[in-house]
């Protein structure tokens, strides 16, 4: 997937804001929140069973971001990816604490396109990227596709997937590993 100049500008702006936050600039943190909270909230609402819980986890995520802002390493990646990771981990912790997962059923029809779209902007290139990734996901067999979506979009651990699908852990891990390899090949082929 390609990145546009506006994407690079946004990444640089987020890096600058994180740098300012690291020295205690609360105004920079407020701006960072304004620029990123809608995307993080969109991700959390897809992972969690209610908007109220998603709002709570969003607040907790930003507290953790503020407390750990000096640990962000620009050389390791996009600041939004780092923030999504923090939010996703908070959501997974919340699900585990509240035992919400026990009452949820695995939905084998979920394509993940809405989730993927929430991670990307709405410009033409992002829409094309979502379409390519969705097409590649559809090409996967149901088992690997569902495991990848549940693991990477909804925060399920390999063990959770194994238990919920009544499938050996090794099989789940193999599905995910082979599915990710197939996704990468497909995306490279279509990009």
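State, to one decimal in nm², a quarter of the convex hull surface area for the C-alpha atoms of the stretch 5-102, i.e. the direction-averaged projected area.
6.4 nm²
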Residue order, fewest to most surrounding Cβ atoms within 10 angstrom, among 31, 36: 31, 36
Relative contact order for the stretch 5-102, counting Cα pairs under 8 Å that sit 6 or more residues apart, in percent: 33 percent
Rg/Rh for the stretch 39-86, where both radii come from Cα atoms and Rh is the Kirkwood radius: 1.02
Theoretical gain in end-to-end length, residue 76 to residue 96 [0.36 nm per residue, Cα-Cα removed]: 4.4 nm
Protection proxy ranking, peptides 67-77, 178-188, average beta carbon neighbours within 10 Å, highest first: 178-188, 67-77
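Taken together, the values in this text are just the output of simple stated rules run on the coordinates, not laboratory data. These figures come from a predicted structure and were not determined experimentally. Here the Cβ is made from the backbone with ideal geometry for all residues, glycine too, and neighbour counts use every protein chain on show.
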